[in-house]
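One structure is given here, and the rest of the page talks about it.
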Amino acid sequence: AETALTVGWDIMRKIRLDDDFSKLLPRLHLDNLADIEQSKRTGVIRYGLGQVSRAFRGGKANERILRSARWLLDSYANSRDLLGFVQAMVSLEIILGDQDETEKLGLGPMIKNRCAYLIGKNHAERDEIVDKLGEIYRVRSKIVHTGKDQLTNNDRMMLFHLRSYCARVLLRELELANG
């Protein structure tokens, strides 16, 4: 008697994804796995998935992390740089913002300082983050308040920095929320 062996995935449910998100999926990859010894890759992947799974444990802090991460993912999925820039900024505002503090200090200064002290390793790096976020916030303001119609090459570099800061802040917040 022959036994059929099925290897693969069974489709349980189909979900229609919007075009931007569908185009993002093939571009997702783990950047530095090639730099890691083969024998250690499984451990690195398990550690990374363990870190990310912490956000799904529930609780107010984790809900905020998930909302922020969703906006950052949408920023990457969006094929329109201007909207992607705003979405990444919203991601940072969600994770670092506080309504009461915003009214006292203003959103820009609060975000810059919280981000710098959360991810900066020393005074020089914190100063650099504050300065870079000042430039980023100016680009965001031009988009939102004046209807800027396209990003310059320098603005695209600011988007790269902004997304990097968002990712670093999200990882740090995961560590703090789930110790």
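The values are calculated or read from the model by the stated rules, or taken from the named source; none is laboratory data. This is a predicted model, so every value here is computed, not measured. Heads up, the Cβs are rebuilt from the backbone with ideal geometry, glycines too, and the neighbour counts pull from every protein chain shown. Just the protein is used for accessible areas: all its heavy atoms, side chains included, with ligands, DNA and RNA removed. Shrake-Rupley method; radii C 1.70, N 1.55, O 1.52, S 1.80 Å.
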So which of K23/K121; K23/K60; K112/K148; K60/K112 end up more than 27 Å apart, counting from Cα to Cα? K23/K121; K23/K60
If the only charges are +1 at each Lys and Arg Cβ and -1 at each Asp and Glu Cβ, what is the size of the charge dipole of the chain around the Cα centre, to the nearest 20 debye? 180
Fraction of the pair-distance distribution of segment 78-179 above 16 Å, Cα-Cα pairs, percent: 56
Averaged over all directions, how much area does the convex hull of the C-alpha atoms of the chain cover when projected, in nm²? 15.5
Electrostatic dipole magnitude of segment 99-179 [Cβ: Lys, Arg +1; Asp, Glu -1; Cα centre; debye, to 20]: 180
When every protein chain stays in place and a 1.4 Å probe is rolled, R163, R172, R13, R57 sorted by accessible area with the largest first are R13, R57, R172, R163
So how much accessible area does R64 have, in Å² to the nearest 10, using a 1.4 Å probe? 80
State, to one decimal in nm, how far the label point of L83 lies from the label point of E135, with both points 7 Å from Cα in the Cβ direction. 2.7
Out of F56, L176, Y137, whose Cα points farthest toward the positive end of the dipole of the chain (charges: +1 Lys, Arg; -1 Asp, Glu; placed on Cβ)? F56
Project the alpha carbons of segment 36-93 onto their principal axes and report the range along each, largest first, in whole Å. 42, 29, 13
Backbone N within segment 50-94 under 20 Å of label point (7 Å from K148 Cα along the Cβ vector): 72-94
Here FRET efficiency (C-beta to C-beta, L107 to Q51, R₀ 25 Å, nearest 0.05) is 0.30
Once ligands and nucleic acids are excluded and a 1.4 Å probe is used, how much of V52 is accessible, expressed in Å² to the nearest 10? 80
Karplus 3J(HN,Hα) series, Hz, for segment 128-140 with 6.51 cos²θ - 1.76 cosθ + 1.60 (x for Gly, Pro): 4, 5, 4, 4, 5, 5, x, 5, 4, 5, 5, 5, 4
